[in-house]
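Notes to accompany the following structure.
Read-outs throughout are calculated quantities, based only on the coordinates presented, and are distinct from any laboratory measurement. Keep in mind that what you see is a predicted model, and the values were worked out from it rather than measured. Positions of Cβ are backbone-derived with ideal geometry, glycine not excepted, and every protein chain shown enters the neighbour counts.
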Amino acid sequence: MIQRRLSSLLLIAAAAFAGAVHADGRLAIEDAWIRAAPPGAAMLAGYATLRNAGDAPLVVRGARSDAFGSVSMHATRIEDGVARMREIEAITLAPGERVVLEPGGRHLMLMRPARELARGAAAAIVFEVGDGASTTTADFIVRDAPGADPHAGH
C-alpha cells in the first residue's frame, strides 16, 4: 500500500517536472544585420527579428559580443517632438510573439567595434534570456539599410 502511494506520488512529480521542463520560451533570431557605417565609426546599430519559438513567455535581458566593447538594447522615442534613444532593460515576448529591432524603433547599440566591420562581415551577438543562464547567439551581417544607396558616401 505504501509502495503504491509512493509510486503514484513519483509519477505525479515526474509528470509535473516534465511539464515544467517542456514549458519554456525559446528565442529565435531572424534577419540579423548591422547597418554599414564609415570606417572608424565608434558606434554601430544592430537589427533583427526576435521570436519566441517556445510555449511559455520569455524575457530578453540583454546582449553582449566579443566584437564590441559594449552592447545595449535601446528604443527610439519621440519626446517634445525630438527623437531620443533610451536604453531598455528587457524585452518580453509571449509564446509565438515577434519583436522587430528596426531603424527608428527598438535596436541594439554596438559600441566600440573591436575591428573594422566592412559590408559582408559578420559579428556574433549573444542574447541573454531569463535569468541570464540561457543564451542564444546569432551572426549579424553588416549590410546597407534596405533602400539605401550602396554608393552613397564613396
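Does region 100-120 contain at least one residue that is surrounded by 15 or more Cβ atoms within 10 Å (Cβ to Cβ), within 20 Å of Ala53 (Cα to Cα), in contact with a Ser or Thr (Cβ under 7 Å, 6 or more places away or on another chain) and among the β-branched types (Val, Ile, Thr)?
No, region 100-120 contains no residue that is surrounded by 15 or more Cβ atoms within 10 Å (Cβ to Cβ), within 20 Å of Ala53 (Cα to Cα), in contact with a Ser or Thr (Cβ under 7 Å, 6 or more places away or on another chain) and among the β-branched types (Val, Ile, Thr).
All but one of (1) within 15 Å of the chain's Cα centre (by Cα); (2) surrounded by fewer than 17 Cβ atoms within 10 Å (Cβ to Cβ); (3) of a type in the set (A, V, I, L, M); (4) within 14 Å of Trp33 (Cα to Cα) hold for Ile125; which doesn't?
The one condition Ile125 does not meet is (2).
Please enumerate the residues belonging to region 57-89 that are surrounded by 11 or more Cβ atoms within 10 Å (Cβ to Cβ) and over 23 Å from Arg112 (Cβ atoms).
Pro57, Leu58, Val59, Arg77
Considering only region 28-53, state which residues are surrounded by 19 or more Cβ atoms within 10 Å (Cβ to Cβ) and in contact with a Gly (Cβ under 8 Å, 6 or more places away or on another chain).
Ala32, Trp33, Ile34, Asn52
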